[in-house]
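Colleague: Would you mind keeping the following structure in view while I ask a few things?
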Amino acid sequence: RWIVSDAKKTGAALAVQLNHAGRKGSTGCFSLGFQGASVPSEFGGWQTVAPSAKAFGEYAVPRELTVDEIHAIVGRFRDAAWRAAQVGFDAVQVHAAHGYLLSQFLDPLVNEREDEYGGSFENRIRIVVEVVDAIRAVIPDDMPVLVRVSATDWAAGGWDLDQTVSLAKVLKKHGVDMIDVSTGGIIADVTVPVKPKYQVPFSEQVRSRADVPTTAVGLITKPKQAEKVLKSGAADVIEIGRAALRDPYWPLRAADKLGVPVEEAPYQPQYVRGAFR
């Protein structure tokens, strides 16, 4: 609670991302030699779970979840969202991308279940819809809910843009306010055509075809580049991750690059005379 309170004193709005790693869990620091592999139990690792007993790359084989366990996980997402609202977060984001548990359910190359949580599109998206419904039931009506998705797994026969658009349409009906559009991370050893703004077209398609606000991510690192994406209508919000880690003042530098007067940008007084350009 104090973290949220102190951060909001700066004028920031805070969202919390809720996720379950599924078969990508039980991983450790790269420096300990566990890159691209699960951490063994003797080093503090644990048995991972997933829709099906199918490993990600060289990771350990997960245990298939029971239906009761799936219901319990939905409840944990709900409880986490309730706690987030209680301590003052402004929005909740559900992570259903990048090969984490919820996206594992979505992808037919990963989800081999034959019950109500596998097979058809409606069954594969069921857990995501249940999570959203459970969260919406316990947070304020005006608290935004975002869902992060991988618009494609970049693999033939897997999760793709058309399914993402269909999912976005369903989620909009269930009270989701924005779709955070990324790609990949679900299937190991696929070729991803990484380059600046390579995921923007997916955001644009989801935004136009599902008629829902979107965020764009992925190698959008320059202010004018980000502004161009917004003005083109390809996204409503640009998210930065690694760029912010490298430069926590990226937004202020972007404001300067885009011509926002110093007196209109939220600089601390002691920064105004500094050589921030």
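Colleague: Rounding to the nearest 20 debye, state how big the charge dipole of region 158-265 is about its Cα centre with +1 on each Lys and Arg Cβ and -1 on each Asp and Glu Cβ.
Modeller: Charge dipole, region 158-265, about its Cα centre: 240 debye, nearest 20.
Colleague: Further question: Would you work out if region 1-136 is rounded, prolate or oblate? Take a ≥ b ≥ c from the square roots of the eigenvalues of the alpha-carbon gyration tensor; rounded if a/c is under 1.5, else prolate when a/b is larger than b/c, oblate otherwise.
Modeller: Numbers: a/c = 2.37, a/b = 1.28, b/c = 1.85.
Oblate, since a/c reaches 1.5 and b/c is not below a/b.
Colleague: Then there is this: Name the most mobile residue of 34, 202, 89, meaning the one with the largest mean-square fluctuation, in a Gaussian network model of the chain with Cα contacts below 10 Å.
Modeller: The residue with the greatest mean-square fluctuation here is 34.
Colleague: Turning to a different aspect of this structure: What do you get for trypsin sites (Lys or Arg not before Pro) in region 1-92 restricted to DSSP loop and a cutoff of at most 15 other Cβ within 10 Å of the site's Cβ?
Modeller: 1, 9, 54
Colleague: Mean Kyte-Doolittle hydropathy of -0.5 or higher plus an axial Cα length of 30 Å or more: which whole DSSP H helices in the chain meet both? Display every interim value, and only then the final one.
Modeller: Details: long enough: 67-87 (31 Å, 0.07).
Flagged H segments are 67-87.
Colleague: Hey, got a sec? Which GluC sites (Glu not before Pro) in region 40-99 land in a DSSP loop and have at most 12 other Cβ atoms within 10 Å?
Modeller: Loop-located and lightly packed - 58.
Colleague: Compute the orientation-averaged projected area for the chain from the convex hull of its Cα atoms and round it to one decimal in nm². Write down the numbers at each step before the final one.
Modeller: Working: hull surface 65.7 nm².
One quarter of the hull surface, i.e. the mean projection, equals 16.4 nm².
Colleague: Across the chain, how many lysine pairs, 8 or more positions apart or on different chains, have C-alpha atoms separated by under 20 Å? Please give the number.
Modeller: Lysine pair count for the chain: 14.
Colleague: So, one more: Counting other Cβ atoms within 10 Å, keep those with at most 16, restrict to DSSP loop, and tell me which GluC sites (Glu not before Pro) in region 70-129 are left.
Modeller: Qualifying residues, ordered by number: 112, 114, 116.
Each reported figure results from applying straightforward, stated rules to the coordinates on display, with no laboratory input. All figures in this text were calculated on a predicted structure; none of them were measured in a lab. Virtual Cβ from ideal backbone geometry, glycine too; neighbours counted across all protein chains shown.
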